1. I'd like the trypsin sites (Lys or Arg not before Pro) in segment 188-223 restricted to DSSP loop residues with at most 16 other Cβ atoms within 10 Å, sorted by number.
2. Summing Lys, Arg as +1 and Asp, Glu as -1, what charge do residues with Cβ under 13 Å from the Cβ of PRO17 carry, PRO17 excluded?
3. Using the Kirkwood radius built from alpha carbon pairs, what does the Stokes-Einstein equation give as D for segment 107-223 at 37 °C and 0.692 mPa s, in µm² per second?
4. Could you give the size of the charge dipole of the chain about its Cα centre, using +1 on the Cβ of each K and R and -1 on the Cβ of each D and E, expressed in debye and rounded to the nearest 20?
5. Taking 7 Å along the Cα-to-C-beta vector as the label spot, tell me the GLN169-TRP103 distance in nanometres, rounded to one decimal.
6. Lys/Arg Cβ at +1, Asp/Glu Cβ at -1, dipole of segment 143-186 taken about the Cα centre: which of ALA164, SER143, PHE185 is farthest positive-ward?
7. Specify the angular offset, from 0 to 90 degrees and rounded to the nearest 10, of the alpha carbon long axis of helix 208-222 from the longest principal axis of the alpha carbons in the chain.
8. Pull up the cross-link candidates among the lysines for LYS9, meaning alpha carbon to alpha carbon under 28 Å and not fewer than 8 places away within one chain.
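Quick note: the coordinates plus some simple rules give every number you see, no bench work behind them. Keep in mind that this is a model prediction, so the values were computed, not measured. Glycine gets a Cβ as well: all are built from the backbone with ideal geometry, and neighbour counts include every protein chain shown.
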Amino acid sequence: FQKKILAGKRVLITAGPTYEAIDPVRGITNLSSGKMGFAIARAALEAGAQVHLIAGPCDLPTPLEATGNIIRTNVVSAQEMHAAALGATDCDIFFAVAAVADWGIAKPAKEKIKRQGTKAPTLEFVANPDILFDVAKTAKVKSGKPHPYCVGFAAESDNLANYADEKRQRKGIPMIVGNIGPDTFGSDLNQLLVIDERGSKKFAQAQKLELARQLIQLVAKKI
Ligand code: C5P
C-alpha cells in the first residue's frame, strides 16, 4: 500500500483450524490451512496496522515478523481460541477467518484409548462457543459505526449469497466474506463474495494475498 491506510489501527485475526482432542494422540480437526487468515494479517501489516494473530495448529510462518508490529498467539482448541480472542477485543477490526470446530469432545481421555477388539468407542460432543458472535457482542457504536468492525467468513457448498447473509445477520456483524467454490481449503487461490448491509461485491479469482489486500482496502473505508 502506498498509503498506510490502517496506520494506528489494531487488527485482531483468528486463522487456521482448531484441534479437538479425543485422547493424547487423537483428535478432530479440519482442512483449513490458515493461508487466508495469514494473508489478511500480512495485508493489514502492509497497511500499517498493529496485528494480533490468533492461530490454530498450522505450519505457516508469522508474516512480516521483523516489523515488530505483529503478535502471534498459538492455540489448539476452539475453547483456547475463544479465550484468546475474548481477551483481545480491544481492537478496531476483527477478522474471524479461523475454521473453528463446531463441537469439542465432552471428556477427552487422559490416556490413549485402547483398542477393544471390534468394539468402537462412542464419542460425546459438546458445542463450542461461537468466537465471532461473542466478540461481536462486545462491539460498541462509535461515530455511527460498530467498533470493533467484525468481519466473518463463510464457506458454504451451495446458495452462498443467501446462507452467508443470513449468517451475517444472525451473528450481528456488519460484513461477511463468502469463499466461492469448493477448492479454497489449502489453495493459494480464492474467489470471494463480500456482503455487507448494502449489498454484495465479487472479488474475482486471485492469490489469497491479493484478495486480502483488496479486502483490507474495502474495510479500511468502513471504519
Ligand atoms: O457458520 P459458522 O458459524 O461456522 O460461521 C463462520 C464464521 O464464524 C467464520 O468467520 C468463523 O471464523 C466464525 N466462527 C467462530 N467461532 C465458531 C464458529 C465460527 O468464530 N465457533
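1. ARG198
2. Summing Lys and Arg as +1 and Asp and Glu as -1 gives -3.
3. Estimated diffusion coefficient is 195 µm²/s.
4. The dipole of the chain has a size of about 440 debye.
5. Modelled inter-label distance: 2.8 nm.
6. SER143
7. Approximately 60 degrees, to the nearest ten.
8. LYS35, LYS137, LYS140, LYS142, LYS145, LYS167, LYS171, LYS201, LYS202, LYS208, LYS221, LYS222
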